[in-house]
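Remarks on the structure that follows.
What follows draws every value from the coordinates through simple rules; no lab data is involved. Worth saying up front: this structure is predicted, and the values here are computed from it rather than measured. A quick note on method: Cβ atoms are made from the backbone with ideal geometry, for glycine too, and the neighbour counts reach across all protein chains shown.
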Amino acid sequence: MKVNIEDLPEVTSRIVEEYSDYRIFALTGEMGVGKTTFTKAFCTALGVDNEVNSPTFAIANIYDSTNFGEIYHFDFYRLNNRREALDIGLFEYLDSGNYCLMEWPDIIIDDIPLPYVEIKIQHTDDNNVRDISTTLVS
């Protein structure tokens, strides 16, 4: 679906509702497409009040949600191999039952427990519009 960036809060709220039974979300897309911007809106829809930032250097950020407890946000862009993801305790996060949002999940895609929701974000000809698709991977 074509989404204007201004409409992200409404769109992410619908995605949260549509996939309310799922907790693992893999965000894919090119550099600069808006994965972190999407995550900010998604976290707001989950009731996160604190600031949501890219965990590029920290690899993982934890946010508090008034509705869902801890929300885990990962950015695997800087990882060299899947072992580095495992070393941060990735499976403990994924098995926690809490929301897990992962940017650049390709390095660990085969390790993500099923089912999970893949969210693809793509550029369009309009700088303020993204093509966003969701797929349940099971």
Net charge, Ile88 excluded, C-beta distance under 13 Å - Lys, Arg +1, Asp, Glu -1 = -2
GNM of the chain, Cα pairs under 10 angstrom: of Ser20, Ser65, Ser54, the biggest fluctuation goes to Ser20
Taking Ile5, Ile107, Ile24 and counting other beta carbon atoms within 10 angstrom, the fewest-first order is Ile5, Ile107, Ile24
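Does the stretch 1-52 classify as rounded, prolate or oblate by the C-alpha gyration tensor (a ≥ b ≥ c root eigenvalues; a/c under 1.5 gives rounded; else a/b over b/c gives prolate, otherwise oblate)? The partial results should precede the final answer.
Details: a/c = 1.32, a/b = 1.22, b/c = 1.08.
Rounded.
Once you keep just the Cα pairs under 8 angstrom separated by 6 or more residues, what percentage relative contact order results for the stretch 2-137?
Once divided by the residue count of the stretch 2-137, the mean separation gives 32 percent.
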Range of Cα positions in the stretch 93-138 per principal axis (Å), largest first | 38, 20, 17
Checking Asp125, Asp75, Asp64 against a Gaussian network model of the chain (alpha-carbon springs below 10 Å), the top fluctuating residue turns out to be Asp125
The chain - share of DSSP beta bridges that are antiparallel (%, nearest 5) | 60 percent
